[in-house]
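Chemist: Before anything else, here's the structure in question.
Derivation of every value follows stated rules applied to the coordinates shown; laboratory data play no part. Note that the structure is predicted; figures quoted are calculated from it, not measured. Because the Cβ atoms are built from the backbone with ideal geometry, glycine has one as well, and the counts that use them run over all protein chains shown.
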Amino acid sequence: MEVSKLPISATQRGKLISAGYTSLSSICSASSSDISRGTQTAWDMLQEEQESLARITTSCADLDNILGGGIGCREVTEIGGVPGIGKTQLGIQLAVNVQIPVEFGGLGGKAIYIDTEGSFMVERALQIAEACVEDMLEYNRFLRNDCQVKTQPKDILENIFYFRICSYTEQSAVINYLDKFVSEHKDVKVVIIDSIAFHFRHGFVDLALRTRVLSGIALKLMNLAKKFSLAVVLLNQVTTKYTEGSFQLCLALGDSWSHCCTNRLILYWNSNERHAYIDKSPYLRSASASYSVTSRGIRNSTSRSKRIKMMI
Amino acid sequence: MANKLISEMRLPKSIANIFAARNITTAKDALSLTELELMKLLDVELSEVRSALALVSEIVCPPFQTALLLMEQRAATEHLGGHLPTRLKGLDAALCGGVPFGVVTELVGPAGTGKTQFCLKLSLLAALPAHYGGLDGGVIYIDVESTFTSRRMIEMGASSFPEIFHSKGMAQEMAGRILVLQPTSLSEFTESLEKIKVSLLQNQVKLLVIDSMEALVPGVHEQRAPGQHPLSWHISLITSLAEFSRIPIVVTNQVRPQSHDESCLYPFQVQKMDRILKDRTRYYSHIVAVLGFHWAHAVTIRLVLEAKSGQRFMNVEKSPTSPPLAFSFTINPSGISLLTDDGTEMVVPETCNLSSR
């Protein structure tokens, strides 16, 4: 029987075919370790995960708490919310925070910011960078540390690689190109795409094709994250869906896309405060936390009655 | 970039021929399919497809810049680092210099709150010569509801810049730089946008004003079933025009009061909420109300104008560089002026409940 007629997913079929197994008999005669080239045991993976405990702080302690310390490397995190909730703010904050030197508990890495909507404002990045440097100096003074704060706000801006994307073709192109780019700039530790949805919401007539292209993109980003041990952050837009007799909010790009990312964080308004909710994660507990957007960036919210709500 | 021809990309001959044979002529064709589909279509090994795609992607991918370079470049080449000052001190401070280039700024408010006045003033400011703080360029004003009055604009000019407007011929020259289009239907609007593309790319136009967006789409106020937004093509064209030509684009919009059953929640919120809470909470009504989320996401700065108990307020509601601030203003012969330079910081729900006069 031909492999192409086997009832398995196209990806697996493709993998088998590209590995040279074109008929059922050839698979049967191979041993399991031949076919499973490129797999690992769970124990090896645990060792790997322990090594990469690095997480990128969001500068808001409550948010970091529900995220297990911050945005994790080697995984794809999707962050979605209504316009004005602070997605781009969080994106810029992460692009700055990834550069916090290792002596201050950061990753000391660089950032790639892929802007599809034109919402990246350089003035705001400068404001956040200046606040970050001031916080580091404050931390230094407080702990009377010997380590010098050598970074300047301009250096921080210099380490943000900015791509401006104007169509979904360019978006696919840049994601394909990232592999080569990151091999040449090995200290990139975060890739932020703001927003993943914009160009795919119009211009694609064939929605089934859109779903396939999007899952191809998600797979590439996941591979990128694992190969270079970096964090991929995707910012998503919001749309309404008619379910259970009323319109409800949901993240854009459809149901199939919602399976593609490792973690999903939803930013929403709750009685005049901004909150973040862990909607999907293989290892983080469902919880929500409040945060605020200040002139210095993302910070803890200052309301008196805040508490982290565990929602199980 | 997307329409770059594969034949011009200097791919290895064999793969280039195969692409051509299967009618994949532009980068867009190649990148619109998944790798597996390309593999099936072209009948080549996956590894070959991948390396060809990697080459195509590298060529199509726009060049990167560091954020520092971006900032320095803009500061060096653009007026005030890429801003059109509105001459309203408090507002300009909140917006880091003025209405930013390259993105869409939206003015939202019920009828009669001063949106057209603000647009007229901005058009004037953009037409002014550089040494008076203007952009010294043309303005395209798309007037959908026929609210443009040249007389009012000249009055504003004469009142704010008497020395320019009273000198011979200046009023005519300033007014001559403002091109007013009055489309009466969505298709006419579409045509006008196409024509504008050319003159924008020739660098003569420095500001585009669209007054107003939602008048173009009748029935846009009803909640629509999911599907293509009627203005989705226009939204993407407007945002890409802004980006390519690096000009400010100002758009005005109406609001409508939100009805009870429209407060949109996420599924996880619905699960935990009581009946009582559901009725009491109101979520960002006017952001949803006008043209929906799709448009709201495309807008970078949103200024909400409202009138409350005899006073007018301009609220900076969505801005990447400013917290929500409210400025009270008045309308006078020279346009709009703020009553105080410092805005008052608003607590969010105030921005949601627009009260009409």
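Chemist: Treating the angle as unsigned and between 0 and 90°, give the value, to the nearest 10°, between the Cα long axis of helix A:168-184 and the longest Cα principal axis of chain A.
Modeler: That helix lies at roughly 80 degrees to the long axis.
Chemist: Which one of B:F244, B:F329, B:F313 has the biggest mean-square fluctuation once chain B is modelled by GNM with Cα springs under 10 Å?
Modeler: Among B:F244, B:F329, B:F313, the largest GNM mean-square fluctuation belongs to B:F244.
Chemist: Among B:T239, B:T66, B:T149, determine the one that fluctuates most according to a GNM of chain B built with springs between C-alpha atoms less than 10 Å apart.
Modeler: B:T66
Chemist: Per residue of A:228-241, what is the mean number of Cβ atoms on other protein chains within 10 angstrom of that residue's Cβ?
Modeler: Details: counts 0, 0, 0, 0, 0, 0, 0, 0, 1, 5, 7, 7, 9, 3.
The mean count of partner-chain Cβ atoms within 10 Å per residue comes to 2.
Chemist: Dipole size in debye (nearest 20) for chain B around its Cα centre, Lys and Arg Cβ +1, Asp and Glu Cβ -1?
Modeler: 320
Chemist: Which one, B:I6, B:S319, B:M71, projects farthest toward the positive side of the charge dipole computed for chain B from Cβ point charges (K/R +1, D/E -1)?
Modeler: B:S319
Chemist: So, one more: Take the Cα coordinates of the protein assembly as shown, assign each an equal point scatterer, and use the Debye formula without solvent to give log10 I(q)/I(0) at q = 0.09, 0.10, 0.12 Å⁻¹.
Modeler: Ignoring solvent entirely, the Cα scatterers give -0.82, -1.00, -1.40.
Chemist: As I understand it, the value is the acute angle between the Cα axis of helix A:87-97 and the longest principal axis of the Cα atoms of chain A; what does it come to in degrees, rounded to 10?
Modeler: 80
Chemist: Against the longest principal axis of chain A, how steep is helix A:42-51, in degrees 0 to 90 to the nearest 10, with axes from Cα atoms?
Modeler: Around 20 degrees separate the two axes.
Chemist: Among B:38-47, A:222-231, how do they line up by average Cβ neighbours within 10 Å per residue, starting with the highest?
Modeler: On the way: B:38-47: 15.6, A:222-231: 18.6.
Highest mean packing first, the order is A:222-231, B:38-47.
Chemist: Report the residue, chosen from B:V304, B:V217, B:V250, that carries the largest GNM mean-square fluctuation when chain B is represented by alpha-carbon nodes joined by springs under 10 Å.
Modeler: Comparing B:V304, B:V217, B:V250 in the GNM, the peak value goes to B:V217.
Chemist: Identify all lysines with a Cα-Cα distance to A:K110 below 29 Å; exclude those on the same chain that are fewer than 8 residues away in sequence.
Modeler: Hits, sequence-local ones excluded: A:K87, A:K150, A:K154, A:K180, A:K186, A:K189, A:K220, A:K226, A:K227, A:K280, B:K318.
Chemist: Within 10 Å of each Cβ of B:67-76, how many other protein chain Cβ atoms are there on average? Provide the component values of the computation, followed by the final result.
Modeler: Working: counts 18, 13, 4, 7, 8, 3, 1, 2, 1, 0.
Across B:67-76, the average partner-chain Cβ count within 10 Å equals 6.
Chemist: Which residue, chosen from A:L221, A:F181, A:N140, occupies the Cα position most advanced towards the positive end of the dipole of chain A, where the dipole is computed from +1 (Lys, Arg) and -1 (Asp, Glu) charges on Cβ about the Cα centre?
Modeler: Positive-most Cα among the choices belongs to A:L221.
Chemist: Across peptide B:30-39, what mean number of C-beta atoms from other chains lies inside 10 Å of a residue's C-beta? Walk me through the numbers on the way to the answer.
Modeler: Details: counts 3, 10, 9, 5, 13, 6, 9, 5, 0, 3.
The shielding value for this peptide is 6.
Chemist: Run lengths n ≥ 4 of DSSP H only: what is the helix-derived mean residue ellipticity at 222 nm for chain A, with -39500 (n - 2.57) per run over all residues, to the nearest 500? Show your work: numbers first, answer last.
Modeler: Working: 11 runs with 117 residues, N = 312.
Only helices count here, giving -11000 deg cm²/dmol.
Chemist: Also: Once Lys and Arg get +1 and Asp and Glu get -1 on their Cβ, which of A:G106, A:S172, A:I71 lies farthest toward the positive end of the dipole of the protein assembly as shown?
Modeler: A:I71
Chemist: To the nearest 20 debye, what is the magnitude of the charge dipole of chain A about its Cα centre, counting +1 on the Cβ of each Lys and Arg and -1 on the Cβ of each Asp and Glu? Don't skip to the answer; put the middle values down first.
Modeler: Values: 34 positive and 31 negative charges, 98 e Å.
Approximately 460 debye in magnitude.
Chemist: Sum up the charges of everything whose Cβ sits under 15 Å from the Cβ of B:L128, counting Lys and Arg as +1 and Asp and Glu as -1, but leave B:L128 out.
Modeler: Working: positive: B:R87, B:K121, B:R177, B:K206; negative: B:D136, B:E163, B:E173.
Its environment carries a net charge of +1.
Chemist: Where the only charges are on Cβ atoms (+1 Lys, Arg; -1 Asp, Glu), what is the dipole of the protein assembly as shown about its Cα centre, to the nearest 20 debye? Please report the intermediate quantities before stating the final value.
Modeler: Working: 66 positive and 66 negative charges, 124 e Å.
With Lys and Arg at +1 and Asp and Glu at -1, about 600 debye.
Chemist: Would you kindly compute the Cα radius of gyration of chain B and its largest Cα-Cα separation (Dmax), both in Å?
Modeler: 24.0, 74
Chemist: Going by a ≥ b ≥ c, the root eigenvalues of the Cα gyration tensor, does the range B:6-60 fall in the rounded group (a/c under 1.5), the prolate group (a/b larger than b/c) or the oblate group?
Modeler: On the way: a/c = 1.29, a/b = 1.21, b/c = 1.07.
It is rounded, given that a/c, with a ≥ b ≥ c, falls under 1.5.
Chemist: So, one more: I need the shape label for chain A. Rule: rounded when a/c is under 1.5, else prolate if a/b > b/c, else oblate, with a, b, c from the alpha carbon gyration tensor. Could the numbers behind the result be given before it?
Modeler: Working: a/c = 1.81, a/b = 1.47, b/c = 1.23.
Prolate.
Chemist: Highest mean first, how do A:241-248, B:334-341, B:138-145 rank when packing is the count of other Cβ atoms within 10 Å averaged over residues?
Modeler: Details: A:241-248: 13.2, B:334-341: 16.5, B:138-145: 20.5.
Going from most to least packed, we get B:138-145, B:334-341, A:241-248.
Chemist: Give me the net charge for the shell around A:K180: Cβ to Cβ below 14 angstrom, other residues only, Lys and Arg +1, Asp and Glu -1.
Modeler: Numbers: positive: A:K186, A:K220, A:K227, B:R50; negative: A:D179, A:E184, B:E58.
Counting the neighbours of A:K180, the net charge comes to +1.
Chemist: Taking a ≥ b ≥ c as the square roots of the Cα gyration tensor eigenvalues, with a/c under 1.5 meaning rounded and otherwise prolate when a/b beats b/c, else oblate, which class fits the range A:215-307?
Modeler: Values: a/c = 2.17, a/b = 1.25, b/c = 1.74.
Oblate, since a/c reaches 1.5 and b/c is not below a/b.
Chemist: Packing-wise, with mean Cβ within 10 Å as the measure, how do A:251-260, A:179-188 rank, highest first?
Modeler: On the way: A:251-260: 18.1, A:179-188: 14.8.
Per-residue Cβ counts within 10 Å, averaged per peptide and sorted highest first, yield A:251-260, A:179-188.
Chemist: With n ≥ 4 as the cut-off for DSSP H runs, can you work out [θ] at 222 nm for chain B, using -39500 (n - 2.57) per run divided by the number of residues, rounded to the nearest 500?
Modeler: Details: 17 runs with 148 residues, N = 357.
Calculated from helices alone, the mean residue ellipticity at 222 nm is -11500 deg cm²/dmol.
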